[in-house]
Amino acid sequence: MSEYGLRSEIRVPNLILFGSNTIEELGDLSKKFGNRGVLIYGGSSLKNSGNHDRINRILKKNALSIEEISGISHDPDNELVESITKEIQNLNPDFIIGAGGGSVIDVAKAASIIATNGGTVGDYWKGKSFTKPSIPFIAIATTSGTGSEVTKNAVITGKGAYFKKSIRSDFMIPNIALVDPTLTLSVPPDITAETGLDALIQNLEAYTSKNAGPITDTLAKKGIELSGRYLLRAVQRSDDLEAREGLSLSSLYGGITLLNAGLGLAHALSHPLGIRFGIPHGKACALTMAKVIQYNYSARNEKYEEIGMLLGGIKDPSVAFTQLTDSLGISTKLSSYGVKEDDIPLIVEESKGGSRRYNPIDHDDATVAKLLRELL
Ligand code: NAD
């Protein structure tokens, strides 16, 4: 069987709407679910960017009655999800809109489904299944990074604990994913770099995943090419719409490919690194990526050579990746984020499960610990 005959399965939202200024269609899209909605967002960034006014104007023009819930910051925890769930249950809306980065979309996604199924985040962490659909959910991405607007999971942090864990269900795939690159023009350079690296690495790890197939490969390869071409450009000139468009498309492809092909070791390690050392998610993924590429190279050499060419015009993908992080001014030395040798066993332990199973090469804990020590 050739690579084109490999089994490939793809799940996506009922509607993915992509394109500059597609936010103008939000009113018509929302009305299909009813007249009463809840808009969930983070806080100041949606307001300062002008995106909050823009969304409100569109919803008002369509005579929709909208309640608002805000106050979500990075690494949202289970208690926050549960308090927002209660607010939603009291409001009993026809639809929910989550507008923000991955943190906001994940909270809105989780609260929209727990509102109909009952229980707590902890119940679903422990394996309880969702049996009922979510309140109709529209996800609007305002960063180019996580692709959470199309995925079936929400990453939630344990309150007062050092862990992040997903809850997931096919019922959690948003009904509508709206990706309008103009909403990302306000993202500052540091967050553009961190979130853009997440988009790139999601495509990269999905492309080389054990679970990759021809459908996801096509999207992931294009996603890598677009991040390679536009990430630095968007960081250097935040108002470069072409760069924002390319990066937004890469992020969307990253979401679709992670959902359907899985990720790898760099993503698995990003959770303990991010949560224990306060490192933003995309940057936490980037810290180990070049080393993980070196470790995995022999299992996917042709694909990795393509990645090197797409990112830096050279065959060595770890060098091409490092050139990119260097040009973004991102140190990949773990000690510069406060990681010490003594922390390594815990990081290894907390990286288990999840994405590690899709890494192209199987690996034991001692190998992962060695890889981390080499990055100190
Ligand atoms: P984020 O949502 O935490 O946002 C980062 C910062 O960007 C925030 O300060 C926010 O206010 C600001 N911001 C957002 N939009 C902006 C805009 N248009 N203009 C100016 N500032 C803006 O970061 P993120 O990287 O988008 O999301 C990270 C979270 O997503 C993590 O918790 C990660 O684990 C999770 N995640 C989820 C999935 C999934 O499929 N569910 C996938 C990957 C990551």
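Every number in this text was worked out from the coordinates using simple rules, so none of it is lab data. Keep in mind it's a predicted model, so treat the numbers as computed, not measured. Positions of Cβ are backbone-derived with ideal geometry, glycine not excepted, and every protein chain shown enters the neighbour counts.
When each of Val38, Val150, Val348 is scored by the number of other beta-carbon atoms lying within 10 Å, the sequence from fewest to most is Val348, Val38, Val150.
Look at Phe18, Phe321, Phe130 and count the other Cβ atoms within 10 Å of each Cβ; fewest to most, that gives Phe18, Phe130, Phe321. By how many degrees, between 0 and 90 and to the nearest 10, does the Cα long axis of helix 214-236 differ from the longest principal axis of the chain? For 214-236 against the chain, the angle is about 90 degrees. Pairs from the list Lys32/Lys86; Lys132/Lys165; Lys283/Lys352; Lys126/Lys303; Lys47/Lys283 with a Cα-Cα gap above 29 Å: Lys126/Lys303.
Could you work out the relative contact order of segment 1-135, using alpha carbon pairs under 8 angstrom and six or more residues apart, expressed as a whole percent?
Working: 152 pairs, mean separation 34.0, N = 135.
After rounding, I find 25 percent.
A straight line joining the Cα centroids of segment 60-137 and segment 265-342 runs 32 Å. What share of Cα pairs, in percent, lie more than 32 angstrom apart in the chain? Beyond 32 Å sits 28 percent of the P(r) for the chain.
Only Lys, Arg, Asp and Glu carry charge here, each on its Cβ (+1 for the first two, -1 for the last two); on that basis segment 217-266 has a dipole of about 80 debye about its Cα centre. Ranking of Arg300, Arg237, Arg7 by neighbouring Cβ atoms within 10 Å, starting from the fewest: Arg7, Arg237, Arg300.
Dipole magnitude of the chain about its Cα centre, charges +1 at Lys/Arg Cβ and -1 at Asp/Glu Cβ only, in debye to the nearest 20? It would help to have the intermediate numbers written out before the result.
Values: 40 positive and 43 negative charges, 107 e Å.
My answer is approximately 520 debye.
Would you calculate, for the chain, the mean residue ellipticity at 222 nm contributed by helices, counting each DSSP H stretch of 4 or more residues as -39,500 (n - 2.57) and dividing by all residues, to the nearest 500? Numbers along the way, then the final one.
On the way: 15 runs with 189 residues, N = 376.
Taken over the chain, the calculation gives -16000 deg cm²/dmol.
Between the listed residues Gly160, Ala243, Ile307, the Cα displaced farthest toward the positive end of the dipole of the chain, a dipole computed from Cβ unit charges relative to the Cα centre, is found at Gly160. Rounded to the nearest 10 degrees, the inclination of helix 281-296 to the longest alpha-carbon principal axis of the chain is 30 degrees. Rounded to the nearest 20, the Cβ-based charge dipole of segment 129-267 about its Cα centre (Lys and Arg +1, Asp and Glu -1) stands at 540 debye. For the chain, the residue among Met1, Pro280, Val187 whose Cα projects farthest onto the positive side of the dipole built from Cβ charges is Met1. Taking the chain as a Gaussian network, Cα atoms linked when under 10 Å apart, which of Ala199, Ala299, Ala161 shows the biggest mean-square fluctuation? For the chain, modelled as a Gaussian network with Cα springs under 10 Å, the answer is Ala161. Here the chain carries DSSP beta bridges of which approximately 20% are antiparallel, counting only pairs with both residues inside.
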